[in-house]
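**Student:** Okay, handing you the structure first.
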Amino acid sequence: MKIRNCTVSLFALMASLSTQAAEIYKENDGSFVDLYGRLGFNISNKKTGDTQGDFDGRLGVSGRQVVNDTVSVIGLAQYQVNSAEYANNVEGENDSLTARYVWAGLDMSEYGKITGGRVSSGLIMFTDIGDVFASSDVSTGRQARKIDPTAVQVFRQDGTVQYQNTFGNIDFSTAYIIGNNTSDLDYGYNSALRYTLDMGSAGKLTPVIAFQKTRAKQSENSRTNGADTFTYGGLGTRYYLDSLMLGLLYSQDTVTYTNGYADSKDKNWEFTAVYDINSDWAVRTGYRYLNNEGGDDLELRDTTFEVQYKLTPRSSIYTAYVMRNGHDGKNVMTGRTVSFGGSSASESFYHAGLRYEF
């Protein structure tokens, strides 16, 4: 496996979402506008227990406008059909195009990058350790949405101002989350740090630490239902050796309340393994254990097996089976069942999909 430089480039972070972009505009000074996207179709019994098919569509535009030898204006907007934002009723109707990332900023070369908006968070350095499957959802930091409804993932929130840079083998990110009228947020901040240790023929190790804290704005129209603070921390690493990649992470987060409810604490362990058999075939496996105490009592015990066949460098067929041996939780306020990723924590499911990226 070829190991790319572990540089916290905003465009490199987005490269995990699309393998190649279509050039719309380019200038000799390095300014450009690119279009990229993803089209796919998935067959699964994940959400209903019965086999059903779902369209997968994602479209984005990214750009760079050179100011001088040091500074460039950069920006990105990415939209998806039926994205996770619907789960929180943040915007849009079902099957409409909803914003996942929308940000603009300055790339100041060796002085780092500053971006603002719904940014590509530096926390992705940590969450990507477990986020390797086409068939599963991110569980680490899932309670962030209780404080900020726009945080459908802990690494995707409105009203964020972020600074990122690389110092030798260290990739660093820090952000202040201002929030907006949709977020119901008083304030928030996060930070992530990754170190790349090159051990020569013994491989590469990339340990990561991450932290975030957010606080809700308590008001008459608040949608946080008394949730007051969210405190999140994680430690993990990836190990690379030739065609093998191993990942391990641990995270925990706590939500506190102002209305007398007990603190809700998630503890989350994840192990992942990816092996590129050759240029056409890759196999992935992983185990996830999540346990909640004091809140909805959700428990996840997921074992995932996934196979990818690359039809071309930009299109793949994925097949997967996820064995679930956990149990659903219960919302302490409404009494409603709490599942995960649209399906029961105790019901196994299969997934097959065709994905084309450009």
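The values are calculated or read from the model by the stated rules, or taken from the named source; none is laboratory data. Everything numeric here is computed off the predicted structure, so don't read it as measured data. Cβ sites come from the backbone with ideal geometry, for glycine too, and all protein chains shown count toward neighbours.
**Student:** Does the stretch 306-325 hold any residues that are surrounded by fewer than 20 Cβ atoms within 10 Å (Cβ to Cβ) and within 18 Å of SER346 (Cβ to Cβ), and which are they?
**Tutor:** Of everything in the stretch 306-325, those that are surrounded by fewer than 20 Cβ atoms within 10 Å (Cβ to Cβ) and within 18 Å of SER346 (Cβ to Cβ) turn out to be TYR321, MET323, ASN325.
**Student:** Go through the stretch 326-358 residue by residue and tally those that are in a loop (DSSP other than H, G, I, E, B), more than 22 Å from PHE133 (Cβ to Cβ), in contact with a strand residue (DSSP E or B) (Cβ under 9 Å, 6 or more places away or on another chain) and without any contact (Cβ under 8 Å) to a residue 24 or more places away in the chain.
**Tutor:** Qualifying residue count, the stretch 326-358: 1.
**Student:** Taking the conditions exactly as written (touching a strand residue (DSSP E or B) at 6+ places or on another chain (Cβ under 9 Å) and modelled with pLDDT under 95), does TYR111 satisfy them or not?
**Tutor:** Judged against the criteria, TYR111 is not a match.
**Student:** So, in the stretch 225-279, how many residues would count as being surrounded by 17 or more Cβ atoms within 10 Å (Cβ to Cβ), under 13 Å from VAL208 (Cβ atoms) and among the hydroxyl-bearing types (Ser, Thr, Tyr)?
**Tutor:** Residues meeting the conditions: 3.
**Student:** For residues in the stretch 6-61 being modelled with pLDDT of 90 or more and hydroxyl-bearing (Ser, Thr, Tyr), which is farthest from ARG314 (Cα to Cα)?
**Tutor:** For the stretch 6-61, the residue satisfying everything is SER31.
**Student:** Follow-up question, since we're still on this one. Which condition breaks for SER183 when tested against (1) touching a Pro at 6+ places or on another chain (Cβ under 7 Å); (2) surrounded by fewer than 20 Cβ atoms within 10 Å (Cβ to Cβ); (3) closer than 18 Å to GLN143 by Cβ?
**Tutor:** For SER183, the exception is condition (2).
**Student:** Right, another one. Within the group SER173, SER96, SER136, which residue is buried (at least 19 other Cβ atoms within 10 Å of the Cβ) and either touching a His at 6+ places or on another chain (Cβ under 7 Å) or at pLDDT below 95 (or both)?
**Tutor:** SER136
**Student:** Let me ask another. Mind checking which residues of the stretch 125-146 are out of contact with any strand residue (DSSP E or B) (no Cβ under 8 Å at 6 or more places or on another chain) and not in a loop (DSSP other than H, G, I, E, B)?
**Tutor:** ARG145
**Student:** Give the number of residues within the stretch 179-215 that are more than 22 Å from the chain's Cα centre (by Cα), in a strand (DSSP E or B) and not basic (Lys, Arg).
**Tutor:** Adding up the residues that qualify gives 3.
**Student:** Another question, then. Among (1) more than 24 Å from ALA216 (Cβ to Cβ); (2) at pLDDT below 95; (3) among the small types (Gly, Ala, Ser), which single condition is GLY130 missing?
**Tutor:** Just one mismatch for GLY130, condition (2).
**Student:** Ok, one more. Which of the following residues is over 22 Å from ILE124 (Cα atoms) and part of a strand (DSSP E or B): VAL255, VAL274, VAL322?
**Tutor:** VAL322
**Student:** Among the residues of the stretch 51-71, which ones are over 23 Å from the mean Cα position of the chain (by Cα), polar (S, T, N, Q) and not in a loop (DSSP other than H, G, I, E, B)?
**Tutor:** Once the filter is applied, which keeps residues that are over 23 Å from the mean Cα position of the chain (by Cα), polar (S, T, N, Q) and not in a loop (DSSP other than H, G, I, E, B), the stretch 51-71 yields GLN52, GLN65.
**Student:** Taking into account only those residues within the stretch 105-124 that are of a type in the set (S, T, N, Q) and not in a loop (DSSP other than H, G, I, E, B), which is nearest to TYR287 (Cα to Cα)?
**Tutor:** THR115
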